[in-house]
Amino acid sequence: MGATLFTFKQYSISYVELMTRLARSGPEGRKAALLGMAVLVLMSGVGGLPFIEDLDDVVDGFMQRVMGRNFSSKQARQEFFADLLGEGAADFVLRGVTGLPGSPVDVSGRLGLGNMIPGTGIFQKKESYGRDLLEIAGPAGDMAKRTAEAAALAAQGEVFGQRGALATISPVAARNLLIAHDMAMTGSYQDQQGRKVIDTTPGEAAFKAVGFQPASVDRVQDASFIAQRMISLNKIREGEIADKWARGVYLNDPAMVQDARSALEAWNQANPESPIRINMRQIFQRVKNMRMDKTERLAKTAPKEIRDQVRAQLEQGR
């Protein structure tokens, strides 16, 4: 079971096992282990140290769930080293040779050992835990997901191209070639929906073709990921507070309303850089929806063009 789940973790596991055996083998072995860790930091930075991303997930989960903070360990680490050393030196410390000015590719993503334990992202508050569950399922889970997606695309007639069925079911090396081809043709890197991420050069397309993520793309994706997590957590917490507030109004429960107000105040005090603003219009809209029966709520979510047909269908089930 473990051999299947950790198929793509063999490099990481072997490296950590090697460092552990060296550290236990006497003075010379400890020197060799320190050298091995130094090489790891040089190539992938502090962010590539073993288990650092897993620890980040646990710390972030504690800060978000227990302390009520919109917190990212990765962002806090970046800000700390930037204040201490300056932007350029901090980039090198955190990302190794990838952070050097002019570095063409992301080496840290290939050599870093930060994510050793699958599924630790479940500790964080987020809208979906599908990716974390897929990590736990391992390669078999990823293959099953891509097979289902490819079948759906094929049924729609989308077979070829970077986002077609064949590309979806293909090995990573083949997908990299397709992405590189699009980069060369369009002069830009695109996300899974075909939207532009950043302009790229023919050289970066060549690096992608052999399996290396261009450093410029990695920086944008990394920054975007941190920003998206901050936005997502704000929306999740805002929804929780507004729902509780509205339910208190709906049930005519002043204590519940006060709890929601207190939660809002506590969040804004703990997170002055990412405050939440809730107006009474939001609350009244939620209360209005609570007072509707299910058929009314469902009909309201339908596009205007088919709303009458949806209402007629729902009426048959009354």
Does any residue of the range 242-255 turn out to be in contact with a Pro (Cβ under 6 Å, 6 or more places away or on another chain) and without any contact (Cβ under 8 Å) to a residue 40 or more places away in the chain? no
Residue ID - surrounded by the most Cβ atoms within 10 Å (Cβ to Cβ), chosen from residues in the range 253-295 that are β-branched (V, I, T) and within 32 Å of the chain's Cα centre (by Cα): I283
Determine whether the range 127-150 contains at least one residue that is touching a Phe, Trp or Tyr at 6+ places or on another chain (Cβ under 8 Å) and outside the structural domain of M19 (by TED's automatic domain parsing). yes
Can you pull out the residues in the range 171-188 that are part of a helix (DSSP H, G or I) and of a type outside the set (A, V, I, L, M)? R175, N176, H181, D182, T186
Checked V58, V41, V105 against criteria (touching a strand residue (DSSP E or B) at 6+ places or on another chain (Cβ under 7 Å) and surrounded by 14 or more Cβ atoms within 10 Å (Cβ to Cβ)); the one match is V105
Does any residue of the range 277-284 turn out to be in contact with a helix residue (DSSP H, G or I) (Cβ under 9 Å, 6 or more places away or on another chain), among the polar types (S, T, N, Q) and modelled with pLDDT under 90? no
When you look at R110, is it within 30 Å of E240 (Cβ to Cβ), surrounded by fewer than 16 Cβ atoms within 10 Å (Cβ to Cβ) and of a type in the set (D, E, K, R), yes or no? no
Which pairs turn up if I take residues in the range 176-188 that are over 18 Å from V105 (Cβ atoms) and look for partners that are of a type in the set (A, V, I, L, M) with beta carbon separation below 7 Å, at least 6 apart in sequence or on another chain? L178/A167
Would you confirm, using the coordinates I've provided, whether R163 is surrounded by 13 or more Cβ atoms within 10 Å (Cβ to Cβ), touching a residue at least 12 places away in the same chain (Cβ under 8 Å) and in contact with a Gly (Cβ under 8 Å, 6 or more places away or on another chain)? yes
Just one of the numbered conditions (1) of a type in the set (K, R); (2) under 24 Å from A223 (Cβ atoms); (3) surrounded by fewer than 18 Cβ atoms within 10 Å (Cβ to Cβ) is not true of R146; which one? (2)
Of the numbered conditions (1) modelled with pLDDT of 85 or more; (2) closer than 30 Å to L42 by Cβ, S170 satisfies every one except a single condition; which is it? (2)
Single residue of Q193, Q228, Q213 found to be surrounded by 13 or more Cβ atoms within 10 Å (Cβ to Cβ) and either closer than 30 Å to E158 by Cβ or touching a helix residue (DSSP H, G or I) at 6+ places or on another chain (Cβ under 9 Å) (or both): Q213
Any residue in the range 30-49 that's without any contact (Cβ under 8 Å) to a residue 24 or more places away in the chain and farther than 24 Å from K74 by Cα: show its pairings with residues that are in a helix (DSSP H, G or I) and β-branched (V, I, T) at Cβ separation under 9 Å, as long as the two are six or more apart or on different chains. A33/T20
Quick check, is N176 crowded, with 17+ Cβ neighbours inside 10 Å, in the same structural domain as G68 (by TED's automatic domain parsing), of a type in the set (S, T, N, Q) and touching a helix residue (DSSP H, G or I) at 6+ places or on another chain (Cβ under 7 Å)? no
Please specify each residue of the range 189-204 satisfying the condition of being within 12 Å of Q162 (Cα to Cα) and either assigned to a strand (DSSP E or B) or modelled with pLDDT of 90 or more (or both). Y189, Q190
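The values are calculated or read from the model by the stated rules, or taken from the named source; none is laboratory data. Keep in mind that what you see is a predicted model, and the values were worked out from it rather than measured. For neighbour counting, all protein chains shown are included, and Cβ atoms are generated from backbone atoms with ideal geometry for every residue, glycine included.
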